[in-house]
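Student: Got a structure for you, written out below as structure tokens; questions coming shortly.
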Amino acid sequence: MVERASTNGLQITQPYLDWRRLPKPILGLAPMDGVTDSACRHLQKKYGKPALVYTEFVAVERLQVGDWALLKDLHYDESQRPVIAQIYGHEPERFLWMAVFLCELGFDGIDINMGCPAASVVHRGSGAGLIRTPKLAQEIVRAARRGVELWRNGATVHDIPGLPAHLLAQVEARRNALSAPFQARRPVPVSVKTRIGYERPQAREWISRLLEAEPAAIAVHGRTLHQRYRGAADWEQIAAAAETARGSCTLVLGNGDVRNYEDAVQRAACYGLDGVLIGRGANGNPLVFRPDAEDLLAAEPHLLLRIALEHAQLHEETISKGHPPRFLPMRKHLGWYARGFPGASYLRRNLVQTSSAAEVEALLAPYI
Ligand SMILES: Cc1cc2nc3c(=O)[nH]c(=O)nc-3n(C[C@H](O)[C@H](O)[C@H](O)COP(=O)(O)O)c2cc1C
């Protein structure tokens, strides 16, 4: 990820995300709303070492309304780099200013969600709704890229129209806390995550329209919007997307139903892809990204339970901090971690009733 950038012939060391230089196949953690929060990404990165992680998707409208929770949802720590912020919406202008905002926060990449099937999102023409309006989808990619360019030319949070003072102050504080290379006005690539079609699979038509806007990468989930999560992901359509992009400046990643490292590598090779994103397969199992997962588990059979405790502790210190503490979102993770060994279902039943990391520790003590 660390590349040398040249400015007027002067070589400077500047870390930035260059999709084309990531080792292939690129294995990334797919964004999952309500799942891949900062604590989750931290543990996935620490134990699974995916090449990329994405935030949960964030609505671009939240910027101008001054949503207090926005910066909480866009929290990340340095260990997660390269970390990509995923955003959604339907008004290009808002993507432009959100891009400036995200660059100021030090994100390594910006990803535009064109795959969410939720009715509340699609009805407004956002998420997978954009598959029906390819011209608007292109405008949005271009607007986000213009935002990055504005920022590279000196724009700051102060230039964002109508940004509430409290957000402005918080972003400045975060920006000042970044180390120098991440404060630098480096190139921040804009990518897209989408599906193979709206009502019917139409990867070739849709991806060729997206390519006109030259995103750095397109991650393709092999289902249509209408399928939501039903049926199996269609990897032939994903391969068609990759073939359509061949020779362009855009990388293509496949996504859908990948369950382990070998499967990911095999699919990338078989379908001509630059990489693969794994979502649900990583739930409670960061080792899904690792070629040596079996060896690690043979050496420490309850490694995942040790990771579960560390996750619960970090969740408590970060996400669930406050009054009252919100430990509830951690419970589903605990259920996912406790699988595949004698007594797992009994342990799981108890874990999903915990309200603190201390309670989790007491339950896991016999195992780790
Ligand atoms: C609970 C949940 C939340 C999701 N949230 C997002 C999201 O915020 N952004 C996005 O692009 N995709 C989201 N997805 C889709 C996943 O990124 C991925 O495309 C899909 O789950 C298929 O991949 P998988 O079979 O590896 O899970 C979500 C999926 C799930 C199950």
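The values are calculated or read from the model by the stated rules, or taken from the named source; none is laboratory data. None of the values given here were measured: they were computed from a predicted structure. Backbone-built Cβ (ideal geometry, glycine too); neighbour counts: all protein chains shown. For the accessible areas, the whole protein counts, side chains as well, though only heavy atoms, and no ligand, DNA or RNA atoms are used. Shrake-Rupley method; radii C 1.70, N 1.55, O 1.52, S 1.80 Å.
Student: Specify the residue that is farthest from residue 47 (Cα to Cα); the eligible residues are those in the stretch 292-322 that are open to solvent by 70 Å² or more (accessible area, probe 1.4 Å) and not acidic (Asp, Glu).
Tutor: Per the stated criteria, the residue is 321.
Student: Continuing with the same structure: Answer yes if at least one residue in the stretch 236-250 is free of Cβ contacts under 8 Å to residues at least 60 places away in the same chain, within 27 Å of residue 100 (Cα to Cα) and among the hydroxyl-bearing types (Ser, Thr, Tyr), and no otherwise.
Tutor: Within the stretch 236-250 (the criterion being free of Cβ contacts under 8 Å to residues at least 60 places away in the same chain, within 27 Å of residue 100 (Cα to Cα) and among the hydroxyl-bearing types (Ser, Thr, Tyr)), the answer is yes, since at least one residue qualifies.
Student: Now a separate question. Please verify whether the stretch 361-368 includes one or more residues that are within 13 Å of residue 39 (Cα to Cα), open to solvent by 10 Å² or more (accessible area, probe 1.4 Å) and not basic (Lys, Arg).
Tutor: no
Student: Restricting the first residue to the stretch 46-67 and requiring it to be farther than 17 Å from residue 35 by Cβ and hydrophobic (A, V, I, L, M, F, W, C), which pairs with a second residue that is open to solvent by 10 Å² or more (accessible area, probe 1.4 Å) and within 12 Å of the ligand (Cβ to nearest atom) meet a Cβ separation below 8 Å and a spacing of at least six or different chains?
Tutor: 51/27; 59/88; 60/88
Student: For residue 340, state whether it is in contact (Cβ under 8 Å) with a residue 12 or more places away in the chain and out of contact with any Gly (no Cβ under 6 Å at 6 or more places or on another chain).
Tutor: So residue 340 fails the test.
Student: Tell me, which helices (runs of 4 or more DSSP H) lie completely within the stretch 25-134 with 3 or more residues that are open to solvent by 10 Å² or more (accessible area, probe 1.4 Å)?
Tutor: Counting at least 3 such residues, we get 38-48, 92-104, 119-122.
Student: Still on this structure, please answer the following. Go through 257, 234, 274 for me and flag whichever is within 11 Å of the ligand (Cβ to nearest atom) and not small (Gly, Ala, Ser).
Tutor: 257 is the lone residue from the list that is within 11 Å of the ligand (Cβ to nearest atom) and not small (Gly, Ala, Ser).
Student: What's the total number of residues in the stretch 41-63 that are of a type in the set (D, E, K, R) and away from the ligand (no atom under 15 Å from the Cβ)?
Tutor: Adding up the residues that qualify gives 4.
Student: Let me ask something additional. Within the stretch 166-187, restricting attention to residues that are without any contact (Cβ under 8 Å) to a residue 12 or more places away in the chain and surrounded by fewer than 16 Cβ atoms within 10 Å (Cβ to Cβ), which residue is farthest from the chain's Cα centre (by Cα)?
Tutor: 169
Student: Consider the stretch 99-118. How many of its residues are within 16 Å of the ligand (Cβ to nearest atom) and within 16 Å of the chain's Cα centre (by Cα)?
Tutor: 10
Student: Looking for whichever is within 16 Å of the ligand (Cβ to nearest atom), polar (S, T, N, Q) and in the same structural domain as residue 283 (by TED's automatic domain parsing) here; the options are 38, 79. Which one fits?
Tutor: Within the list 38, 79, the selection yields 38.
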